[in-house]
Amino acid sequence: MSKPYLKQVYLEKVVPELIKSRGYKNVHQVPNLSKIVLNSAFKAEADKGHMAEVVKEMTKLSGQKPVVTRAAKSVANFKVRQGMPLGCMVTLRGPRMWEFLLRLTAVALPMIRDFRGTSNRLDGRGNYSLGIADHTIFPETQADGSQRANIGLDVVIVTTAKTDESVIERSKKRERLVAKYAAKRAELKKILANPQTTEEEFYAAQRKLTKLPRNSSRVRLKNRCSISGRPRAYIRKFGLSRITFRELALGGQIPGVTKASW
């Protein structure tokens with residue numbers, strides 16, 4: 001059985017380029033696709049016919065039957081009862097995952113009217129989410145030519161990457177921007193705080209301050225783990241998040257730190 005086209009491109013072109021640019025020592029360190037999750041939600045008052053139609057269309061898109069997701073508990077305000085079907089979900093792995101990704105990028109997305117690309121932001125852990133308002137952009141849903149309601153989809157592309165390089169790079173870029181405009185911002189704030197400043201000088205300094213780049217202010221900086229990019233549970237002394245710190249400490253990669261010492 002031949003490999004899917006996208007997987008072949010990944011192995012022959014993407015992997016060597018990532019090893020060269022990121023300095024990976026082992027091919028298994030290179031981030032890879034883990035799975036693609038498709039999810040579609042029903043309305044609480046949806047009838048059985050609509051639910052069956054959504055399941056049928058999801059089966060056409062993915063090539064495998066989806067799982068119906070149900071409410072974990074009752075919520076009276078949303079008219080939801082425990083066990084009520086709220087949507088369906090399917091997880092793609094292996095060849096089906098690569099084939100779906102090829103159809104999504106090469107066929108479906110270009111079918112969107114006035115398509116201007118997708119967002120390049122990830123979730124900070126190397127995973128990417130995409131919303132599709134109309135499932136009929138996929139050619140397999142138009143095979144029978146029947147009229148049906150549009151079905152919205154959430155597509156989540158999960159990778160084995162432990163960090164989102166763009167998040168760390170964005171934080172470093174903001175730090176450089178803050179350092180570049182720090183002196184000018186301090187000078188303008190000094191003018192604004194001076195009680196002897198005339199009204200004309202005050203408003204002139206205020207206008208100049210508002211024209212500075214928004215990300216040049218220190219309040220726009222956020223402490224992030226230098227390895228994973230995680231913004232929470234940050235340990236200032238080491239510049240790491242708690243999770244990364246624990247992993248490195250247990251691996252003996254932080255000198256003088258043992259499990260009993262933290």
Please quote Rg/Rh for the stretch 62-115 to two decimal places, taking the Kirkwood radius as Rh and restricting both calculations to Cα atoms.
-> 1.20
Dmax and Rg, reported as Rg then Dmax, of the stretch 173-219 (C-alpha, Å) = 11.4, 36
Lysines within cross-link reach of K190: Cα-Cα under 21 Å, excluding same-chain residues under 8 positions apart?
-> K180, K208, K211
Cross-link partners of K237 among aspartates and glutamates (Cα-Cα below 19 Å; sequence separation of 8 or more within a chain) | E175, E247
Over the stretch 1-138, calculate the relative contact order: mean separation of alpha carbon pairs under 8 Å at least 6 apart, over the residue count, as a percent.
-> 24 percent
Quick one: among T198, T59, T160, which has the greatest mean-square fluctuation in a GNM of the chain with alpha-carbon springs under 10 angstrom?
-> T198
For the chain, what is the relative contact order in percent, using Cα pairs closer than 8 Å and at least 6 residues apart in sequence?
-> 16 percent
Which of V67, V27, V107 fluctuates most in a GNM of the chain (C-alpha springs under 10 Å)? That residue is V27
Which whole-number value in Å³ per residue fits the convex hull of the alpha carbons of the chain?
-> 271 Å³
Do any of K189/K222; K3/K60; K3/K35; K7/K222; K25/K222; K56/K79 go past 27 Å between their Cα atoms, and which?
-> K7/K222; K25/K222
How much FRET efficiency would the formula 1/(1 + (r/R0)^6) give for D114 and V156, where r is the Cβ-Cβ distance and R0 is 35 Å, rounded to 0.05?
-> 0.90
Output ordering of 207-215, 127-135 (per-residue mean of other Cβ within 10 Å, highest first) is 127-135, 207-215
Report the normalised scattering of the stretch 1-65 as log10 I(q)/I(0) at q = 0.14, 0.26 Å⁻¹, calculated by the Debye formula with identical scatterers on the alpha carbons.
-> -0.64, -1.12
So between D47 and S34, what do we pick up on full extension, going 0.36 nm a residue minus the alpha carbon distance?
-> 1.3 nm
Would you mind ranking C88, C225 by Cβ crowding within 10 Å, fewest neighbours first?
-> C88, C225
Give the Rg (one decimal place) followed by the Dmax (whole number) of the stretch 223-262, computed from C-alpha coordinates and expressed in Å.
-> 9.6, 26
Computed FRET efficiency, Cβ-Cβ of S226 and K3, R0 30 Å: what is it to the nearest 0.05?
-> 0.25
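Bear in mind that the values in this text are calculations on the coordinates, not laboratory data. Predicted, not measured: the structure shown is a model, and the values here were computed from it. Every residue, glycine as well, gets a Cβ built from its backbone with ideal geometry; the counts of neighbours run over all protein chains shown.
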